[in-house]
Every structure is written in C-alpha cells, then in structure tokens.
1. I want to confirm something. Restricting to the range 142-183 and keeping residues that are in contact with a helix residue (DSSP H, G or I) (Cβ under 7 Å, 6 or more places away or on another chain) and within 26 Å of F386 (Cβ to Cβ), which single residue is surrounded by the most Cβ atoms within 10 Å (Cβ to Cβ)?
2. When both residues are 6+ apart or on different chains and their Cβ atoms are under 6 Å apart, which pairs have a first residue that lies in the range 445-471 and is on the phi > 0 side of the Ramachandran plot, and a second that is surrounded by fewer than 16 Cβ atoms within 10 Å (Cβ to Cβ) and not in a helix (DSSP H, G or I)?
3. Would you be able to say whether some residue in the range 122-133 is among the hydrophobic types (A, V, I, L, M, F, W, C), surrounded by fewer than 17 Cβ atoms within 10 Å (Cβ to Cβ) and either on the phi < 0 side of the Ramachandran plot or touching a residue at least 60 places away in the same chain (Cβ under 8 Å) (or both)?
4. Is it fair to say Y6 is of a type in the set (S, T, Y), surrounded by fewer than 18 Cβ atoms within 10 Å (Cβ to Cβ) and either modelled with pLDDT under 95 or farther than 24 Å from T305 by Cβ (or both)?
5. Within the range 107-124, which residues are touching a strand residue (DSSP E or B) at 6+ places or on another chain (Cβ under 7 Å) and aliphatic (A, V, I, L, M)?
6. Among the numbered criteria (1) farther than 17 Å from L259 by Cβ; (2) crowded, with 23+ Cβ neighbours inside 10 Å; (3) of a type in the set (V, I, T), which one does V202 miss?
7. Just to be sure I understand the filter: pairs with C-beta atoms under 7 Å, separated by 6 or more residues or on different chains, first member in the range 215-226 and more than 15 Å from V59 (Cα to Cα) and in the same structural domain as Q167 (by TED's automatic domain parsing), second member β-branched (V, I, T) and surrounded by fewer than 24 Cβ atoms within 10 Å (Cβ to Cβ). Which pairs pass?
8. Exactly one of these conditions fails for E49: (1) within 22 Å of W223 (Cα to Cα); (2) surrounded by 15 or more Cβ atoms within 10 Å (Cβ to Cβ); (3) not polar (S, T, N, Q). Give me its number.
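The values are calculated or read from the model by the stated rules, or taken from the named source; none is laboratory data. All values reported here derive from a predicted model rather than from experimental measurement. Cβ placement follows ideal geometry from the backbone for every residue including glycine, while neighbour counts extend to all protein chains displayed.
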Amino acid sequence: MTILSYIIIGIYLLALGYITIYCLLQFHLLIHYKSHKRATKNSKDKKPELNGQVPFVTVQLPMFNEYFVVERLIDNICNFDYPKDRFEIHVIDDSTDETLDLSRKKVAEYKQKGFKIELIQRDNRIGYKAGALKEATKKAKGEFIAIFDADFLPDPSFLKNTIPYFQNEKVGVVQTRWGHINQNYSLITELQAFQLNVHFTVEQLGREVADYLLQFNGTAGVWRKETIDDSGGWQADTLTEDLDLSYRAQLQGWKIVYLEDITSPAELPAEMNGLKSQQFRWMKGGAETAKKLLPKVWSSELAFTKKIHASTHLLGSSIFLFVFIMGVFSVPLLYVVNPLSIDTKYLSIFLVSLLSVASVYYVANVETAWNQDNKLTSIIKFIFLFPVFLALSMGLSLHNSLAVLQGYSGKKSSFVRTPKFNIKGIKDNFKKTKYTSKKLSKVTITEGLLALYFLFAIGLGIKLEDNSMLLFHILLFFGYGTIFFYSVKHLNYHGEK
C-alpha cells in the first residue's frame, strides 16, 4: 500500500510540476509583453504605408458548408477599400450543401460589378482546408495572399493596413488580432473571448517582441506567396496546417509580424458541441505538429531560450492532459496524505502557477481587451470570470486530452468544421435545423460520470476533515458538470463534418 501511495503522490506532483512550469513560462511572456508596452507607451513610430506602391493581392476564402455566413463574408471582402483592379478574390468552396448555390450567386453578382472574383470548387475534400489552400495557391496571381475563414468580418482598410509591412523583405506573414462579434451572446462565448484575448495579446505580441517563434492563426492574416512556396507549401498531415506552416517558415528564416492594434472580428462558437469540435481540432493538431516539428526545432540553430519557448508553444495542448491527470489523482491523494504524514501546506508553493496565470489573464483582459470599460466593472467581471474559466477548462480536460493522445499516437481523423450561425447579438439564436446532430458521445457520458466522481471527492474531503483539495474539487465538479449539461442541451444544434 505504501508503494502505491507514493506512486499516486508522484504522478500528482509530476502533473502539478508540469503545469507550474508551463504557467511560469506564460508569465515570462507577460514580462516581455509589459516591458514592450511600457517602452512604446509614448512612442510615435510611424506605421508603414503603401506610398503609391499597390502590390497585387489574392484574397482566399476557404469554406465548407457555411450556409449562414457565406454571403456576409463575400459582401464584406468586396467592401475592401483597396483598388479594385489590384486584388482578386478566390471563393474556395468545397461545400456539399446549398452553400455552393449562394457562393455562385454572390460570385456572379460581384463579377458583374467589375470585381476580379472566382469560385474555386473541388470535387473532393482531400486534405480538407490545407488541401483546398494548396490547390488554390497554384491559381493565385497575387504576390501576397490574404486568408479569411467564413465567419470573419475584416475592416475595409485591412489590406491597406497590412500589406505595407511586407516592405521588409524578411517578413513572410502578417497576422492581425481576432475580435469577437458575439462575445456578449452567452457565458460560453464570453469565456472563449476571455481565453483568446490572452493568445492575441500576451502570447502573440510577447513572443514577437522577445524574438520567439509565433504563429499565423489560420485566418485574418496575409502571406507572402514566396514564403509559402519556400517553406514547403500547405501540408495536410496535421489538423493545424496554419501552425505547421508558420513554424516551417520561421525555421526557413522568414519573420512573422503580429499587429495587435488591427482587429479582425469573427464569430465565436455559440454552442458547446461546436466549441468542443473546434477544441478537438486545435488540440489534436497541436500535438500532431509538435510531433512533426519538435525534432526540427531542436536540431536548428535557434538560441536555447527560443527552443524552450517554441517547445512550450508546440506542446501547449498537452497542458490539458496534465490537468486531467492531476484532477483524477487528486481524489485518491486524499486517502494517502494522512497515513504518510504529508503536510499538504507544502503544496502551496505551487500556488505560484495560479498567480502567474491569473496575472496573464488580468493583463490580457482588464488592462488590454477591456481597457475602454470602467476599471472597477472590469475588475469585478474578471473576479467572476476567472474561476469559472478555470473550472470549464478543467471540465474540457478529458475531451482535449483524448485529442492530444490521438495526435501523438498518429491516429488520423477528418477535419470537423465548427458551425457558425451568423450570430451577432443576444437576440440571434443558433437553434436552426441545418447542421444538427442528436448523437450523445461516450466522452460526454464520461464527463457526466466525472462530475459525480468529483462530487464524491467533495463529500470525501468533508468526511476526512481534509479541506486541502475542497476548492479544487468544487471547481472540477462544476467544470465537468457544466460541460456535460451544455453538451447534452446543445445536442440538436451541433454541426456536421
């Protein structure tokens, strides 16, 4: 029994240690981010402008079964204030439903208005999004290629604001910040924005100013076509083709410029199963990309610190695996700490991880994303959202861990799109008959069982008069219970492959 007890403690501490190191490296990015903000607070550096040079640009719009948002996307792109004769639009539509009819009509409409716009349709989905982009890039006439997913609504000045940065011949990619069209729609969308704000402030800009490797986010950015070709092109062997090509380009010596002050609004998944399908794709694809590129990162001539942060970035999805392990093993831990006379107060040293991640989320949201709001209101909002965000992140850890394990094991799966329903405000709804499914997955059932497991843990802690894990188990119970509840509630509204 003693050996088993030490095994339980060892696994728990290993998971906790990994999480702590990850959080400290996030805090390291925060230091770079804050230093840059202080240094540039009163800066009046002039932004690059076109200055009469207007390169030809190809705008690619990859989509699959986007019936509810395809028309607004094409309308939005055709509203660009870039000279009409200096850009072309490729509507890359692999749809198998009525979306294709809408695309054809819109393409015909704007072609009559004098736009250089074409519909590119494949008779298969080989390679999914990566395959579509690979084929379309061959037809692109532009020196630069802007890419937008179907749910994005970039500002008309997007090309004028981004293309000038390519005057630096080392720049291969310009990425803009994602905005959130429907952030206030529900708690689910609010929490997604809460997390994405971290990535698009502290993480992206922190990596850039520290000269670490960062990424193109798959949309709302522009590529130099030469960079795509030089880096091996779009490849479909991972589900995160954007992260994959980003790293290959930077290992080739190309630079990614991140523009925090240019926002490209997009629609967040409004229901739980759509969010989970997106998370699965990101987590599994991240693991696949890590497996593919980590050896190349470590065999490169990058500085050691850059390799460490690149590894943390590529292995980012793995954090859910350790969160899941820590949660599961925290329950039997209650049985062994007293017999082994372990003083749990020494575990409080790991609170540094919680303080680190809280600091990162505070700066990204209260000080940056919400900086136009009343400060006191923002602080109160943060105090409410942060623990809820932690709980739901824990609740997603089983689902995301399975995705990570599939990624590392090499198990292949199809690219599952995240359904969007043209939701902009609280009066809109996603309760539409199209793209629906009623299948209750085994993962969702297990999430419900885990909620009961941690409810038992709460009672066990009270019975043993050990409150050291009580708050942790309450968060886990709430997280798994909430994920289970909304997964079942939103079953009828989940999009198909």
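1. The residue in question is N182.
2. Between residues of the range 445-471 that are on the phi > 0 side of the Ramachandran plot and residues that are surrounded by fewer than 16 Cβ atoms within 10 Å (Cβ to Cβ) and not in a helix (DSSP H, G or I), there is no close pair.
3. Yes, some residue in the range 122-133 is among the hydrophobic types (A, V, I, L, M, F, W, C), surrounded by fewer than 17 Cβ atoms within 10 Å (Cβ to Cβ) and either on the phi < 0 side of the Ramachandran plot or touching a residue at least 60 places away in the same chain (Cβ under 8 Å) (or both).
4. In short, yes.
5. Matches in the range 107-124: V107, I117, L119, I120.
6. Condition (1) is where V202 drops out.
7. F216/I256
8. For E49, the failing item is (2).
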